[in-house]
Amino acid sequence: MKRLVEASGEALWGVLARPKQLLGAGLAAGLGIALFVATWTVSVTAQRQVADTFDALRATEVRVLGTRTDDSTAWVPSDYDSRLRQLPAVVAVEHLVDFGEEIVSDSSPDRPDLGPGLTARIWSVDLNGPKAMRAVVEGGHLDDAASQMHTRMVLIGGRLAAEMGIDVADGVRAIWIGESPFVVRGLIRDAPLRPELLDAVVVLHQDALAIGLSPTAAELVIETAAGGANSVATQAPLAIRPESPNELTAVAPPDPGQFRRRIEDDTRVALLAVSGIAVLVGAMALSNAIALSVIARTPEIGLRRALGARSLDVFATVIAEATIIGLIGGIVGSSLGIAGAIGVAAWLGWNPIAVPLAPVLGTGAGVVIGVIAGVLPGIRATRIEPVAALRSSG
């Protein structure tokens, strides 16, 4: 114990005698530890964020499609909404029909000079659509009020609206689908489940048929409560077509837990690999600094050896010096890592998740790095011959 105290005291004196070189190396190792701690904390926070987002979106959507090519749209009964809403966990239902691509323009057919036409896909929905797809609509939905105005109305995807120079949905601006006028009821600003809607025009079913468009495919989009997608997918075909449920296909998302675990593992491995490289670089910098310190202190070490210091005492002093520097780097690095992780989470709008073991392991990693970094310089210090060292000082 006495020798350990003496070695620690001498090591502390050595650090204080060369603070710039040694503490600079300690901070280099500390930055690696800071990255390790920050990466770990951000990784855990990102995993939770990914899990919450995944569960809130894809894990709650069921799609029902017909399998007969000669019955692409007729398989949907008129009372599909009431049938499906009897199933537990069903939140909203939407009948989505694809009418293919048409020319969409913001100029009338008799005045083509007012603006060029664009080719866009036409989708149709029922009243209040497309709420089941959780589209974010600016303006108004295709609701009862719109249908009672005796004016055909549309929702335009945000990207298509930008191409057409439409940035406000005021219920006055008109566009043409082919030769038929429609009033812009709303703009679809976001569609997390169906991003293709951002480049499309959405109309009511009866309006699409009234202007002579021909449906090419149909599907029912069902929004479910969390955890109910698989159950609804099993029961939906029977509820829609009890006489022949095998003619329908219900598509439910895979088990979110499996995807979530895979995403979490991949994220953690990638981020920790980067931080591991940083820690290795810091350890090499610290080892190099300790080696230079040993070279600078060669006369001092030679004098100690000449006065009777054993090789083990010299080795212990070098290890203690590297350990002190590593400890300082670990404490500083852990503090910086936690602060950095909180800053990143705040910038991204996430709630940071504390990892209690992160600062403890970060500080411990600093000590381990110090011990490892001091081994080779310590061995070299024990090989210094007293006579040669004293001669070099003269």
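Structure above, values below:
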| quantity | calculated |
| --- | --- |
| Three-way shape call for the stretch 60-254 based on the alpha-carbon gyration tensor, with the a/c threshold at 1.5 | prolate |
| Euclidean distance of C-alpha centroids, the stretch 188-257 and the stretch 313-343, integer Å | 57 |
| Extension gain, residue 67 back to residue 225 (0.36 nm per residue minus Cα-Cα distance, nm) | 54.3 nm |
| Within-13-Å neighbourhood charge of residue 158 [Cβ basis; K, R +1; D, E -1] | -3 |
| Paramagnetic reach from residue 244 (point 7 Å along Cα→Cβ, amide N under 14 Å) across the stretch 67-96 | 67-77 |
| Two-site FRET efficiency, residue 312 against residue 354, from Cβ-Cβ distance with R₀ of 41 Å, rounded to 0.05 | 0.45 |
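Throughout, read-outs are computed from the coordinates displayed, never taken from laboratory work. As the structure is a computational prediction, the values presented were derived from the model and not from experiment. Counting neighbours? That spans all protein chains shown, and the Cβs are built from the backbone with ideal geometry, glycine included.
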